[in-house]
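The values are calculated or read from the model by the stated rules, or taken from the named source; none is laboratory data. The shown structure was predicted, so the numbers you read here are calculated from the model rather than taken from an experiment. Here the Cβ positions follow ideal geometry from the backbone for every residue, glycine too, while neighbour counts run over all protein chains shown. Heavy atoms of the whole protein, side chains included, go into the accessibility calculation; ligands, DNA and RNA do not. Shrake-Rupley method; radii C 1.70, N 1.55, O 1.52, S 1.80 Å.
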Amino acid sequence: MVILSSSSSSQSLMLQISQTILEEEAREAKREKIRHMEENCPSVSIPGTMPDLQELCRKIHKQIDLLDEERYDMENKVNKSDKEIDDLRMKVQDLKGKFKKPALKRVRMSADDMLAALLGSKHKVSMDLRANLKQVKKEVKEEEKQTGDWRKNIEDKAGMGGRKKMFEGEV
């Protein structure tokens, strides 16, 4: 129990120290802001006459334009730097050779649906593969139809695959 109480007291002491440090940093940030505002933003004395007031407005507009140009330039530099950082990050990833593969989910899709998704709705291509097949009827050979003793036709089938008799008949 003694260890727990000492660790809890040390934790509370650390929290108190960190809290005072944070408060001091906040006060310092306020002082820095006030100092910066005094340096860069002098107090405005509003003139009483109309021409003096118009001149003040022109002066303020010029300052606004200059600051806008500066801000725009800074944004472009930041965007360019961000793009370079992304490009370098991609190069490093390519050099490492490790790529994050996205988790793919199964999709049940027919070939027609896939083609419609790939080619768009203007292309109507049918992928009915069975419709494009040739219809082939199996021819049944007469020899297979004859059921009987194979020894009867031995003379007919003798030599050259049964063609011997054709040649003998022609001569």
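Could you list, in sequence order, all residues of region 66-107 that are acidic (Asp, Glu), closer than 30 Å to Cys41 by Cα and open to solvent by 90 Å² or more (accessible area, probe 1.4 Å)? If the condition is that a residue be acidic (Asp, Glu), closer than 30 Å to Cys41 by Cα and open to solvent by 90 Å² or more (accessible area, probe 1.4 Å), then Glu69, Glu70 are the ones that fit. With respect to Glu28, determine if the residue is surrounded by 10 or more Cβ atoms within 10 Å (Cβ to Cβ), more than 45 Å from the chain's Cα centre (by Cα) and of a type outside the set (S, T, N, Q). For Glu28, the condition - surrounded by 10 or more Cβ atoms within 10 Å (Cβ to Cβ), more than 45 Å from the chain's Cα centre (by Cα) and of a type outside the set (S, T, N, Q) - is not met. For region 37-84, the set of residues classified as polar (S, T, N, Q) and under 37 Å from the mean Cα position of the chain (by Cα) consists of Asn76, Asn79, Ser81, listed by residue number. Yes or no: region 45-56 includes at least one residue that is open to solvent by 100 Å² or more (accessible area, probe 1.4 Å) and in a loop (DSSP other than H, G, I, E, B). Within region 45-56 (the criterion being open to solvent by 100 Å² or more (accessible area, probe 1.4 Å) and in a loop (DSSP other than H, G, I, E, B)), the answer is yes, since at least one residue qualifies.
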